[in-house]
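Colleague: Can you read through this structure? Questions will come right after.
Any read-out appearing in this document is the output of simple, stated calculations on the displayed coordinates, not a laboratory observation. Only a predicted model underlies this, so the values are computations on that prediction, with no experimental measurement involved. Quick reminder, even Gly has a Cβ in these numbers, built from the backbone with ideal geometry, and neighbours come from all protein chains shown.
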Amino acid sequence: MPTIESPRNNPETTGLENAGPDVSAAAPSLTKRAVAGTAWSSLSTAGRQILSVASVATVARLLGPSAYGVMGMANLLIVFILNFRDLGTGSAIIQRKTISNTLISSLFWVNFCLGLFLAAIVCAASPATAAFFKTPDLIPILCTLSISFWLTSCGVVHSSLIIREMRFRALAIADLSAAVMAYLVALTFAYRGFGVWSLVFANLANSATACLGYWIGSRWRPSWEFSLDSVKSIAKYSLNLSGSQLINYFSRNADNITVGKVLGKAPLGDYQMAYNLMLTPIQNISAVIAQATFPAFARIQDDNERFRAAYTRSCMLIALISFPVMAGMGVIADPMIRSILGEKWVGAIRVFQILAPVGLVQSVQTTVGQIYMAKSRTDIAFRWNIAACILLVSSFLIGIHWGILGVATAYCIAFLGFTVIPGFLIPFRLIGLKLSEFARALLPQILITAGMTVACLGWMKLLNSIGAHNSWFILSSTVILGAAVYILSMLLVWPPVLEYLETVMTASGRTSLALLLTRAKGLGFRTAR
């Protein structure tokens, strides 16, 4: 991959004009880099997830639902403004076939100024937000959190260039370092009795450390040049993407806004905890693979046959992990929340159980955004998200009459019953992928996950019948049983996803892992016989 060079090194070109992907690059090369990227992203995500669990087990226990509810109210405005963070310029850098130093320097200064502007908006909107939720403490909290916008904006271009060049090791180091710093800050201030401010300071620590990491990891530094024409060249793509993300924000947060406004901060804390658990496979599995595959998809954006195959296989790999994780978490929600979070959070149990099927499906469906972006059809995504948002928000307004359980149920019905199929069909048309073919590719994982779920439910029912009520024992024994059933079933059936995984490991040079899969395959067949 060509590196970004200074114009002084070449009087005729920046060195970036051909820094875009070689569309004719061999598939094994892309596969190798994507697998390497997935490995580094997985390492980073695993580390951040461990820290997240540690934070929940320590910080959440110290602070309780009310502090998280206040932070949840603040996050509603913060996440809303984050939709304007880079106006889609980061994705445009990754998607474009060629980029110039003039373009990315221009985009850096756009983001630099945009970050300052958004920080000012958050400060200005803090009194209205505090009045809306009837929580005066939100004013200083939001004004402090606004600093993170500028910090984040300063790292947008650098992180996008790292992803474009598929240098995921540098990205993983930056992200993991940020997560470690955030956890240490949150834990330290929580123990010292700072309450919700522990989460505020942790947010700033995360943004500052990540930005510094991206600058260190990137080989590029901004120059003082700026070209309005260069910025305009990506305007249509980036603005449609930004608009789509904005609509998606309302879809994902209208329920939180409704709960916070109508029911207050404690119910919002329970609902948000359940909702965040529902996002687990999206944030820690789908996002990991998507981060590594999007640059690869951008390279083959004009080859629908390769795009279809690569996209379907990436979803198969996501489902291999996310389906059993999400289904399993839904089964063990009660002992999991009681054991890890404590009795303060029992109100989140039933909500999470209702949302678990949504998380399972979304772990795969969230990847369709890569199709829109790689094919430069963010305009279609924008229009579809408007329609889906109207439907979902309407369901929240109906469900709120029955509390947080009503909102969760309405969300589940609206999403699974009305938006799933068109949510797949519309982007699939861009690459000529049939929904039936896609469903067949995921069917083995669906069936094996269903079998694992039945086994775990039966085990928990048995434990209940014999009077076993220790949450930690129920949790650990069910997890072990579920993992054993799923892995053994995979070895016996040996679905196509494992064949593909074995091929990927071989093509990427990970011969030891490929050999391990081959031996597992032989063991599985011998056991079957």
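Colleague: Would you list SER436, SER395, SER55, SER363 from fewest to most Cβ contacts within 10 Å?
Modeller: By the 10 Å Cβ count, ascending: SER436, SER55, SER395, SER363.
Colleague: Taking the beta-carbon count within 10 Å as an exposure proxy, list ASP137, ASP229, ASP270 from fewest neighbours to most.
Modeller: Final ranking by Cβ density, sparse to dense: ASP229, ASP137, ASP270.
Colleague: Calculate, in nm to one decimal, what VAL420 and ALA131 gain on full extension: separation in residues at 0.36 nm each, minus their alpha carbon distance.
Modeller: Working it through step by step, the gained length comes to 100.4 nm.
Colleague: PRE reach from ILE413 (point 7 Å along Cα→Cβ): which of the stretch 328-366 fall under 17 Å by backbone N?
Modeller: What the label zone holds, given the 17 Å backbone N cut-off, is 351, 354-358.
Colleague: List HIS401, HIS158 from most exposed to least, where exposure is judged by having the fewest other Cβ atoms within 10 Å.
Modeller: HIS401, HIS158
Colleague: Select one label from [x] 41; [y] 28; [z] 46: the one whose number is percent of Cα pairs over 38 Å apart as derived from the coordinates shown.
Modeller: The listed entry that was calculated here is [y].
Colleague: With the cut-off at 1.5 for a/c, could you classify the stretch 369-457 from its C-alpha gyration tensor as rounded, prolate or oblate?
Modeller: oblate
Colleague: Right, here's the next one. For the stretch 259-334 and the stretch 158-187, compute the distance between their C-alpha centroids and round to whole Å.
Modeller: 19 Å
Colleague: Under 1.5 on a/c is rounded, so check that first for the stretch 74-116, then, if it is not, pick prolate when a/b is larger than b/c and oblate when it is not; a ≥ b ≥ c are the square roots of the alpha carbon gyration tensor eigenvalues.
Modeller: It comes out oblate by the Cα gyration axes.
Colleague: I'd like the FRET efficiency for CYS113 and VAL493, computed as 1/(1 + (r/R0)^6) with the beta carbon distance as r and R0 of 51 Å, rounded to 0.05.
Modeller: 0.40
Colleague: Moving on. Tell me, what is the FRET efficiency for ARG192 and ALA468 to the nearest 0.05, using R0 = 45 angstrom and their Cβ-Cβ distance as r?
Modeller: According to the calculation, E is roughly 0.70.
Colleague: Of all the Cα-Cα pairs you can form in the stretch 208-347, what percent are over 22 Å apart?
Modeller: 65 percent
Colleague: Once you have a ≥ b ≥ c as the square roots of the Cα gyration tensor eigenvalues for the stretch 25-233, tell me rounded if a/c is under 1.5, and otherwise prolate or oblate according to whether a/b is larger than b/c.
Modeller: It is oblate, given that a/c is not under 1.5 and a/b is not larger than b/c.
Colleague: Give me the net charge for the shell around ILE332: Cβ to Cβ below 15 angstrom, other residues only, Lys and Arg +1, Asp and Glu -1.
Modeller: Every neighbour counted, the sum reads +2.
Colleague: At 7 Å along the Cα-to-beta-carbon direction for both ILE121 and LYS461, put a label point, then send me their distance in nm to one decimal.
Modeller: 5.2 nm
Colleague: Can you tell me the dipole magnitude for the stretch 248-433 around its Cα centre, using point charges on the Cβ only (Lys, Arg +1; Asp, Glu -1), in Debye to the nearest 20?
Modeller: Roughly 180 debye, rounded to the nearest 20.
Colleague: Give, in nm to one decimal, the length gained when the segment between ARG219 and GLU343 is fully stretched (0.36 nm per residue of separation minus the Cα-Cα distance).
Modeller: 39.8 nm
Colleague: Could you state the number of Å between the C-alpha centres of the stretch 57-94 and the stretch 380-449?
Modeller: So the two Cα centres are separated by 23 Å.
Colleague: Calculate the radius of gyration of the Cα atoms of the stretch 248-433 to one decimal place, then report Dmax, the largest Cα-Cα distance, as a whole number, both in Å.
Modeller: 17.3, 53
Colleague: Straight-line reach from LYS434: which lysines fall under 22 Å, measuring Cα to Cα and dropping same-chain residues less than 8 apart?
Modeller: List returned: LYS375.
Colleague: Along each of its three principal axes, how wide is the spread of alpha-carbon positions in the stretch 274-340, in whole angstrom units, largest first?
Modeller: If we take the Cα atoms of the stretch 274-340, the spans are 50, 16, 14 Å.
Colleague: Shifting gears a bit: Take LYS97 and ALA266, extend 7 Å from each Cα along the Cα→Cβ direction, and tell me the distance between the two endpoints in nm.
Modeller: According to this spin-label approximation, the distance is 6.0 nm.
Colleague: Just subtract the alpha-carbon distance of LEU246 and THR503 from 0.36 nm times their residue separation and send over the number in nm, one decimal.
Modeller: Result for the pair: 88.6 nm of gain on full extension.
Colleague: I've got another one for you. Go ahead and run the numbers for FRET between LEU443 and ILE480, Cβ-Cβ distance against an R0 of 30 Å, rounding to 0.05.
Modeller: 0.70
Colleague: Which value, in debye to the nearest 20, gives the size of the charge dipole of the chain about its Cα centre, when Lys and Arg are +1 and Asp and Glu are -1 at the Cβ?
Modeller: 660 debye
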